[in-house]
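As structure tokens, the structure follows; a few thoughts come after it.
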């Protein structure tokens, strides 16, 4: 028995959601009296993987096969399932990222393991293995018991946290036989957004704006605020639909659902479809000149005022704060 | 080209969520049930567009009781050719995927489509499980889908960007924003839907892997703290000292 976690990586680095999976797995392992083992896929330096010991991993198994540069859920699920079996792992922890969403269900069938996806807390193991997950688009939680011997938990990014301590993990290399049949999906082209801010699903700080900005030419002050904070920019649906902002920025029920630590909403009224995508944010700040905007009811902090006056003042206040921190 | 589109019946987006029986059951009283928006707007409409362009057929499948037939008829009114209802209470994702995979096996479909997730359980599980049960490739969060003979070119979402991938039929795909625009059924569609075949089939015997033991509503938000627009320093201090998010 052991707890296996998927150390999701990109460009040779374990991503933050991979560290979250490691932290989560080591806590589950501690409560079950066993060890947490990582599975890393791709060409990642041993030093990067041994550093996962600080997040609670006792060992990391690396499968580096050039074929795996092409992401295919079939091949990845096969690799993780093989490593779960070879390490005797009966619990697998994976991030509910876009790739995690493709891998976990396949893995669940392969390992005959019950899957709870969307986990927002550690499992309660006092009576079985019960995981709290978000449901009804953030309007409720469900506590789901996994009834099978093998178990998989897919954890919502930025929900359970990363804890770093001391320690190093042993790194082992393993190989899994892969054939062309495992790669039915051929990646032809990758288009990454420019810029070095975190993509929305992983962002801790998000500055979002809506129709209250009156036109795309006015977004400069929103971007200034985001730059000062190191936040990722987002927008409401109408603004994406009329082409003021790119579609990938659209947060809400039909766009991206996010869970940042801080969500600043500027000139967004807060329709229920928008809230469904952002209501799991830890803290919500609403800036709106309409006192009747429904978003104020979902906010922790509100500023009733004209965005064009408030945002530059807020940007200045953040600048002052940042300077005082150094 | 034969499409199988898997549709869920879910509570309308604006439903006030509550629970009964000691928070162990979802309160269905006064709930308006709808076709899961991602299944409808993205998966179903794109399948119909591709059928209209290239020929073929679109079958929809739902796992659920007879009450779901009204919603299934809506999918037929939008343009699906026929429907299958697996006559069973939908259990957990593995149970539902097993039913769909079983029905898909006998239909020799080229493309099996899902919405990216349901708006009720937000799991994103059934598509991937069905793909694994059928041993087929799976492309999730597809925002564009084009078909040329037996090869599909698909744009899918990845963290911080998009990928263009190619996959041969048969395959499984889950659809996200960008795939298609919602279609409102017209009167002709609604009339025709009544005559289209809706086949009720018995479920295969499968055990659930998971059980929902309890529901919980999020803690009530405390009242929004209003900050003077001329005092943004105060907001920054509150975010730092009180909320501790910066």
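Selection of the range B:10-27 for residues being without any contact (Cβ under 8 Å) to a residue 24 or more places away in the chain, assigned to a loop (DSSP other than H, G, I, E, B) and surrounded by 12 or more Cβ atoms within 10 Å (Cβ to Cβ) yields B:15, B:27.
Residue A:208 meets the conditions (1) away from every other protein chain (no Cβ under 11 Å); (2) within 19 Å of the chain's Cα centre (by Cα); (3) assigned to a loop (DSSP other than H, G, I, E, B) in every case but one. The failed one is (3). The residues of the range B:136-159 that are assigned to a loop (DSSP other than H, G, I, E, B) and either out of contact with any strand residue (DSSP E or B) (no Cβ under 7 Å at 6 or more places or on another chain) or facing chain A (nearest Cβ under 10 Å) (or both), listed by number, are B:136, B:137, B:149, B:159. The selection criterion, being touching a strand residue (DSSP E or B) at 6+ places or on another chain (Cβ under 9 Å) and assigned by TED's automatic domain parsing to the domain that holds residue A:70, does not hold for residue A:139. Among the strands (runs of 3 or more DSSP E) confined to the range B:160-246, the ones with at least 1 residues that are facing chain A (nearest Cβ under 7 Å), under 30 Å from residue B:25 (Cα atoms) and touching a residue at least 12 places away in the same chain (Cβ under 8 Å) are located at B:210-216. Inside the range A:131-151, residues that are over 21 Å from residue B:16 (Cα atoms) and either facing chain B (nearest Cβ under 7 Å) or under 17 Å from the mean Cα position of the chain (by Cα) (or both) make up a count of 5.
Which of the following residues is outside any loop (DSSP other than H, G, I, E, B) and more than 22 Å from residue B:240 (Cα to Cα): A:296, A:321, A:308? Show your work before the answer.
Working: A:296 fails: more than 22 Å from residue B:240 (Cα to Cα); A:321 fails: more than 22 Å from residue B:240 (Cα to Cα).
Going through A:296, A:321, A:308 in turn, just one is outside any loop (DSSP other than H, G, I, E, B) and more than 22 Å from residue B:240 (Cα to Cα): A:308.
Here the range B:113-135 is the region considered, the condition is being more than 7 Å from chain A (Cβ to nearest Cβ) and surrounded by fewer than 24 Cβ atoms within 10 Å (Cβ to Cβ), and the residue that is farthest from the chain's Cα centre (by Cα) is B:135.
Number of residues in the range A:121-132 that are surrounded by fewer than 24 Cβ atoms within 10 Å (Cβ to Cβ) and without any contact (Cβ under 8 Å) to a residue 60 or more places away in the chain equals 8.
For the range B:41-58, state whether one or more residues are surrounded by 24 or more Cβ atoms within 10 Å (Cβ to Cβ), touching a strand residue (DSSP E or B) at 6+ places or on another chain (Cβ under 8 Å), in contact (Cβ under 8 Å) with a residue 40 or more places away in the chain and assigned to a strand (DSSP E or B). Yes, the range B:41-58 has at least one match. Taking the range A:154-202 as the range and being modelled with pLDDT of 95 or more, in a strand (DSSP E or B) and within 14 Å of chain B (Cβ to nearest Cβ) as the test, the residues that pass are A:154, A:155, A:185, A:186, A:187, A:188, A:189. Sub-9 Å Cβ pairs linking a first residue in the range A:314-326 that is without any contact (Cβ under 8 Å) to a residue 60 or more places away in the chain and at the interface with chain B (Cβ under 10 Å from one of its Cβ atoms) to a second residue that is outside any helix (DSSP H, G or I) and surrounded by 13 or more Cβ atoms within 10 Å (Cβ to Cβ), at least 6 apart or interchain, are A:317/B:231; A:321/B:246, ordered by first then second residue. Taking each residue of the range A:1-12 that is more than 15 Å from residue A:38 (Cβ to Cβ) and looking for partners that are part of a strand (DSSP E or B) with beta-carbon atoms closer than 9 Å, six or more apart or interchain, yields A:1/A:91.
The values are calculated or read from the model by the stated rules, or taken from the named source; none is laboratory data. All of these numbers come straight from a predicted model, not from anything done at the bench. As a convention, Cβ positions derive from the backbone with ideal geometry for all residues, glycine included, and neighbour counts pool all protein chains shown.
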